[in-house]
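Input: a single structure, listed below in structure tokens.
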Amino acid sequence: MGRPGVDFPGVGCGLVIQRADGQVLLCKRVKAPEAGHWNIVGGKVDQGERSADAARREAEEESGLTIGAVDFLCWTEEIIATDSQHWMSMIYVTRDFAGEPRLTEPDKLSDIGWFALDALPQPLSAFAAKAFAALEARE
């Protein structure tokens, strides 16, 4: 069968969650691709699942937040040579959410928090960097 992103290009999704004060939610990854990097919430799109729905589902699973409407932001294709992975991801953005973020998947994420766009933690994932560039271009 094979593993998405490893044996064939994977289809992923991501969600920029932005508070009214402009800060964005980032999580620190435990596993490849880009283990140890700060990233937006997201993950794999399942068979038969729309990418916007996947972004909302992954965000809720990873952050404990309740996510409302999401808007398309950009797409990104990342070939991560150090992890031998290849992903194409649809990236969305929302300011429509409820709750306080918490670390709900400690096997996948080691930290979670709000950050100002001019004070992002490092290292930043390629997916997050592209998402924030698209967000800046849009505003």
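Here, each number is a calculation from the coordinates, and none is a lab measurement. On a predicted model such as this, the values are computed, not experimentally measured, just so you know. Positions of Cβ are backbone-derived with ideal geometry, glycine not excepted, and every protein chain shown enters the neighbour counts.
Please list, or write none, the aspartates and glutamates whose alpha carbon is within less than 14 Å of the alpha carbon of Lys130, excluding same-chain residues fewer than 8 places away.
Excluding near neighbours in sequence, the set is Glu77, Glu78.
Given a cut-off of under 8 Å on Cα pairs at least six residues apart, what relative contact order in percent is computed for the chain?
32 percent
Report the gain in length on full extension from Lys31 to Ser110: 0.36 nm times residue separation, minus Cα-Cα distance, nm rounded to one decimal.
Length gained between Lys31 and Ser110: 27.5 nm.
Which of the lysines could a cross-linker span from Lys108 if the Cα-Cα distance has to be under 21 Å and same-chain partners fewer than 8 positions apart are dropped?
The qualifying lysines are Lys28, Lys31, Lys44.
Mind listing the long-range amide H neighbours of Gln85? Cut-off is under 5 Å, sequence gap 5 or more, other chains count too, H placed in the peptide plane at 1.01 Å from N.
Hits under the 5 Å cutoff: Ile80.
Taking Cα atoms, how many degrees apart are the long axis of helix 51-63 and the longest axis of the chain, rounded to 10 and kept between 0 and 90?
The helix 51-63 is inclined about 70 degrees to the chain.
About its Cα centre, what dipole magnitude does the range 10-138 give when the only charges are +1 on Lys and Arg Cβ and -1 on Asp and Glu Cβ, stated in debye to the nearest 20?
The calculated dipole for the range 10-138 is roughly 80 debye.
Calculated from the structure, Rg/Rh (Cα atoms, Kirkwood Rh) equals which of (i) 0.93; (ii) 1.02; (iii) 0.95?
Answer label, from the structure shown: (i).
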